[in-house]
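Engineer: Next up is a structure, given as structure tokens.
Readers should treat all values here as calculations from the given coordinates under stated rules, not as data from a laboratory. Only a predicted model underlies this, so the values are computations on that prediction, with no experimental measurement involved. So basically every Cβ, Gly included, is an ideal-geometry build from the backbone, and we count neighbours across all protein chains shown.
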Amino acid sequence: TQDALVIFTPSGKRGRFAHGTPVLTAARQLGVDLDSVCGGRGICSKCQITPGYGEFSKHGVTVEADALTEWNSVEERYKSKRGMIDGRRLGCQAKVMGDVVIDVPPESQVHKQVIRKSASQRDIVMDPATRALYVEVAEPDMHEPTGDFERLVTALQQQWGVGEVAAELPILRRLQPALRKGNWSVTVALHKGNHDARHRILDIWPGFHEGKLYGLAIDLGSTTIAAHLCDLHDGSVLASSGVMNPQIRFGEDLMSRVSYAMMNPGGDVEMTAAVRTALNGLVQAIATEAKIVPTSIYEITFVCNPVMHHLLLGIDPVELGQAPFALATSGSLVLDAADLDIKAVNPAARVYILPCIAGHVGADCAAVALSEEPNKSKEMVLIVDVGTNAELLLGNETRVLACSSPTGPAFEGAQISSGQRAAPGAIERVEIDPQTKEPRFRVIGSDLWSNDPGFAAATDKTGITGICGSGIIEAVAEMRMAGLVDQGGLIGGPDQTGTARCISEGRTHSYVLHDGTATGGPLITVTQGDIRAIQLAKAALYAGARLLMDEMGVETVEKVVLAGAFGAHISPKHAMVLGMIPDVTLDKVISAGNAAGTGARIALCNVAARNYIEDTVHHIHKVETAIEPRFQEHFVNASAIPNAVDTFPELS
Ligand code: FES
């Protein structure tokens, strides 16, 4: 017969095709994931494949060297203009001429996986809501009068199999010049969110558009706003950046911001304006850093706690300050960026806000659930997203519980006497010799310990400026282990501790971690007030975990995942010495990095993940810490270091 056997790898899909069938056509008929932006016209180069000549006997196919057509002029032109890896062909130009095995390299797959760095993290499968599509449109004909837009839609439907398509007026205004300039071909940025019945054209260019489409995944926290700028085609992160949330001047934590809104008429409006201004600034900054124009940003996904959620949307958060903590809406939201006054991005840019779980458990917690998937865990896993407000998830494949706990900003280095944000010069690692009580430390920006030769030179540029969240956690835990602090959290005096580093400050004592005053630097101490702030924060965190464990009816957990902007930097041992997390073997404590931010990225890159998390949150049971008497009880017990009642066998 004239049919040739075609086998695609890595999918293993196979079929018989008539000689002369383009590889791209064969791939489409078999449902093989082979990318194309230009629809097979040899322009976009997304369809590159590697023919497997001669090495595929394991598939039972003998591949002849001429199993595909020779290079054609389109490919020659493409190669000379932009280059192509040796051995590659354009799938839309290469035609099947005999039995052949064809490999689709990862970058030619639409649903490519973005490999995440850490082994504990899962990959993101690309399936974005916004795609660039090149399309050739029929010219107008006096005898068959149809509008240019209608012919564009027909072309999109025929060439790309899309359903209904809509366009706003600004696009319609640009349509006719674009079609004529592109000689009846255009590229459109086409968007379809998970709740949209129709596709929407967000942008249009004459001919084939070389530029890329970008999206932003934003984790809007009470203290910091962190954003990842992602390529919507391959999911790569071009830049990550953060700014302080300017709402801090209205109150450090969530409840003080809700009170500000309650006490000051128009206070919520002020806070909404502040955060939106900061977001516009962040968009500009991250675009500059990545060297892209901000108008090439077409989508934004947001994750945030309920109070930030309402203030972003311009909804007064007063109801969140009192029982029963009703949200204006807990569902996911699909909006225009313009609705949120985010003007720096493309004017047609779309926004997706992940669903909230309940009044105190927001879209940030949903994002952590999307990233870490406790609902698929075989082990009983506790996930702790450490921030000004901690989100906790406990569960396994049978049941998942969630709560939030008001830890305050101490873990982020705020409310700490020498505290600072994690930045070069901040002390991030601390060890204290239990015999001599002498400390050594490391600062961000250098790999050396403070007692290593060369440390002074290595930190000459950054200086030693303060202590960040992970640093203060280690400092307090090390002070406890070295006997400088008792179980109640009291710092001993020089006589009790035997070290002159414990200095008197009125009626309490401080421990001198670093004295830089001789060279004009700061005196960095851990004060009694610092210890108290950390005790309160960690007690709130631990009490939240215990409350979830009570509700679940378990005494122990099998795994702990530390997440949060600085979750990746917390040392599990020190967290446990401090009693931040329940007792578990140290190798079962895993760092997930900024899981909420990752959840936002997953929702940005994969539109189906939006449906998945919307469904998943319905199965997460929320536990309210604010009105639960046992929370108070656990909180009081948990302020001792590590704890007044619970045992920590793994520490002994
Ligand atoms: Fe665009 Fe082949 S599909 S170059």
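Engineer: If you rank MET580, MET552, MET263, MET97 by fewest surrounding Cβ atoms within 10 Å, what's the result?
Structural biologist: Values: MET580 29, MET552 20, MET263 8, MET97 16.
Final ranking by Cβ density, sparse to dense: MET263, MET97, MET552, MET580.
Engineer: Taking H placed 1.01 Å from N in the peptide plane, check which residues at least 5 places from ALA239 or on another chain put their amide H under 5 Å from its amide H.
Structural biologist: For ALA239, the qualifying residues are LEU229.
Engineer: With r as the distance between the Cβ atoms of ASP550 and ASN72 and R0 = 60 Å, compute the FRET efficiency 1/(1 + (r/R0)^6) and round to 0.05. If you can, show how the numbers build up before the last one.
Structural biologist: Values: r = 70 Å, r/R0 = 1.16.
Given R0 = 60 Å and the Cβ-Cβ separation, E is 0.30.
Engineer: In whole Å, how far is the Cα centre of region 75-94 from that of region 501-520?
Structural biologist: Region 75-94 and region 501-520 have Cα centres spaced 67 Å from each other.
Engineer: May I ask you to derive the relative contact order of region 434-546, considering only C-alpha pairs under 8 Å and at least 6 residues apart, and to give it as an integer percent?
Structural biologist: Details: 116 pairs, mean separation 21.1, N = 113.
Here the relative contact order equals 19 percent.
Engineer: For the chain, what is the mean residue ellipticity at 222 nm derived from helices alone (per DSSP H run of n ≥ 4: -39500 (n - 2.57); sum divided by total residues; nearest 500 deg cm²/dmol)? Please report the intermediate quantities before stating the final value.
Structural biologist: Working: 16 runs with 181 residues, N = 652.
Computed mean residue ellipticity for the chain: -8500 deg cm²/dmol.
Engineer: Could you work out the local net charge near GLU70, counting Lys and Arg as +1, Asp and Glu as -1, over the other residues with Cβ closer than 12 Å to its Cβ?
Structural biologist: Details: positive: ARG89, LYS95; negative: ASP66, GLU75, GLU76.
Overall, the nearby charge balance is -1.
Engineer: If one computes the Cα centroid of region 579-608 and of region 4-39, what distance in Å separates the two points?
Structural biologist: 38 Å
Engineer: Could you work out how far the C-alpha centroid of region 317-380 sits from that of region 184-200, in angstrom?
Structural biologist: Each part reduced to its Cα centre gives a spacing of 24 Å.
Engineer: Restricting to bridges with both residues inside region 214-359, how much of the DSSP beta-bridge set is antiparallel, in percent to the nearest 5?
Structural biologist: Working: 18 of 29 bridges.
Bridges in region 214-359 that DSSP calls antiparallel: roughly 60 percent.
Engineer: Work out how much length LYS573 to ASP615 would gain on full extension: take 0.36 nm times their residue separation and subtract the Cα-Cα distance, in nm to one decimal.
Structural biologist: Numbers: separation 42, 0.36 × 42 = 15.12 nm, distance 3.57 nm.
Result: 11.6 nm gained on full extension.
Engineer: What ranking do 124-137, 469-482, 536-549 get when scored by the average of other Cβ atoms within 10 Å per residue, highest first?
Structural biologist: The most tightly packed comes first, giving 469-482, 536-549, 124-137.
Engineer: Hey, another quick one. Can you work out ³J(HN,Hα) from phi for every residue in region 95-103, in order, using Karplus 6.51 cos²θ - 1.76 cosθ + 1.60 and θ = phi - 60°, giving whole Hz and x for Gly and Pro?
Structural biologist: For region 95-103, the Karplus curve yields 10, 6, 10, x, 4, 7, 10, 10, 9 Hz.
Engineer: Show me the ranking of peptides 32-44, 357-369, 432-444 by mean Cβ neighbours inside 10 Å, starting with the highest. Before the final figure, lay out each step's value.
Structural biologist: Working: 32-44: 20.4, 357-369: 28.9, 432-444: 17.8.
With the highest mean Cβ count within 10 Å placed first, the list reads 357-369, 32-44, 432-444.
Engineer: Once the dipole of region 124-206 is set up with Lys and Arg at +1 and Asp and Glu at -1 on Cβ about the Cα centre, which of VAL137, VAL165, GLY182 lies farthest towards its positive end?
Structural biologist: In region 124-206, that residue is GLY182.
Engineer: Rg over Rh of the chain, using C-alpha atoms and the Kirkwood radius, what does it come to? Working shown, then result.
Structural biologist: Numbers: Rg = 28.9 Å, Rh = 27.6 Å.
Rounded to two decimals, Rg/Rh equals 1.05.
Engineer: Sticking with this structure for a sec: In whole Hz and in residue order, list the ³J(HN,Hα) couplings for region 486-494 that follow from phi through the Karplus curve 6.51 cos²θ - 1.76 cosθ + 1.60, θ = phi - 60°; x for Gly and Pro.
Structural biologist: Whole-Hz 3J(HN,Hα) from phi for region 486-494: 8, 4, x, x, 8, 7, x, x, x.
Engineer: Could you line up LYS588, LYS95 from fewest to most neighbouring Cβ atoms inside 10 Å? Please report the intermediate quantities before stating the final value.
Structural biologist: Values: LYS588 15, LYS95 22.
With the fewest neighbours first, LYS588, LYS95 line up as LYS588, LYS95.
Engineer: To the nearest 20 debye, what charge dipole does region 233-335 have about its Cα centre, counting +1 at the Cβ of each Lys and Arg and -1 at the Cβ of each Asp and Glu? All intermediate terms of the calculation are to be shown ahead of the outcome.
Structural biologist: Values: 4 positive and 9 negative charges, 33 e Å.
That gives region 233-335 a dipole magnitude of about 160 debye.
Engineer: Continuing with the same structure: Would you please give the residues with an amide H less than 5 Å from that of ILE124, counting only those at least 5 places away or on a separate chain, with H modeled from the backbone geometry?
Structural biologist: VAL114, ARG116
Engineer: Around ILE383, what is the net charge, scoring Lys/Arg as +1 and Asp/Glu as -1 over all other residues with Cβ under 11 Å from its Cβ?
Structural biologist: Details: positive: LYS559; negative: GLU372, GLU373, ASP385, GLU391.
Local charge sum for ILE383: -3.
Engineer: Here is a follow-up. To the nearest 20 debye, what is the magnitude of the charge dipole of the chain about its Cα centre, counting +1 on the Cβ of each Lys and Arg and -1 on the Cβ of each Asp and Glu?
Structural biologist: Working: 56 positive and 75 negative charges, 260 e Å.
That gives a dipole near 1240 debye.
Engineer: Net charge around VAL283, counting only other residues with Cβ within less than 13 Å of its Cβ (Lys, Arg = +1; Asp, Glu = -1)? Could the numbers behind the result be given before it?
Structural biologist: Values: positive: ARG276, LYS343; negative: GLU289, GLU299, ASP341.
So the surrounding residues net to -1.
Engineer: So what is the relative contact order of the chain, in percent, for Cα pairs below 8 Å that sit 6 or more residues apart?
Structural biologist: The value is 11 percent.
Engineer: Hey, for a label at ARG630 modelled as a point 7 Å past Cα toward Cβ, could you say which residues of region 525-561 have their backbone N under 16 Å away?
Structural biologist: Hits in region 525-561 for ARG630 at 16 Å: 542-557.
Engineer: If we count other beta carbons within 10 Å of each Cβ, what is the order of GLU379, GLU252, GLU70, fewest first? Don't jump to the answer; show the numbers that get you there.
Structural biologist: On the way: GLU379 12, GLU252 17, GLU70 9.
With the sparsest Cβ surroundings first, the list reads GLU70, GLU379, GLU252.
Engineer: Placing +1 on the Cβ of each Lys and Arg and -1 on the Cβ of each Asp and Glu in region 3-108, which of VAL101, THR50, ALA27 has its Cα farthest towards the positive end of the resulting dipole?
Structural biologist: ALA27
Engineer: Hey, can you rank 389-400, 620-631 by average C-beta count inside 10 Å, highest first? Don't jump to the answer; show the numbers that get you there.
Structural biologist: On the way: 389-400: 22.7, 620-631: 16.7.
Per-residue mean Cβ counts within 10 Å order the peptides as 389-400, 620-631.
Engineer: What FRET efficiency comes out for LYS588 versus THR154 if R0 is 56 angstrom and r is the Cβ-Cβ distance? Round to the nearest 0.05.
Structural biologist: Working: r = 58 Å, r/R0 = 1.03.
Using R0 = 56 Å, I get an efficiency of 0.45.
Engineer: Along Cα→Cβ, 7 Å out, is where each label goes; now give me the distance between the ones at ASP339 and GLU438 in nm to one decimal.
Structural biologist: Here the modelled spin labels are 6.2 nm apart.
Engineer: Which residue, chosen from LEU513, GLY221, ASN194, occupies the Cα position most advanced towards the positive end of the dipole of the chain, where the dipole is computed from +1 (Lys, Arg) and -1 (Asp, Glu) charges on Cβ about the Cα centre?
Structural biologist: ASN194
Engineer: Next question. How far apart, in nm, are two points set 7 Å out from the Cα along the Cα-to-Cβ line at ALA273 and at LYS181?
Structural biologist: In this crude label model, ALA273 to LYS181 measures out at 3.7 nm.
Engineer: For the chain, what proportion of DSSP beta bridges, expressed in % and rounded to the nearest 5, is antiparallel?
Structural biologist: Of the beta bridges lying entirely in the chain, close to 65 percent run antiparallel.
Engineer: If you check each cysteine of the chain for another cysteine whose beta-carbon is under 4.7 Å away, which ones come up empty?
Structural biologist: CYS47, CYS92, CYS230, CYS304, CYS356, CYS365, CYS403, CYS468, CYS502, CYS605
Engineer: Hydropathy first: keep DSSP H helices in the chain averaging at least 0.0 on Kyte-Doolittle, then drop any whose Cα extent along the axis falls short of 27 Å, and list what survives. Kindly include the intermediate steps, with their values, before the conclusion.
Structural biologist: On the way: long enough: 267-290 (35 Å, 0.52); 528-552 (36 Å, 0.25).
Span-like helices, by this rule, are 267-290, 528-552.
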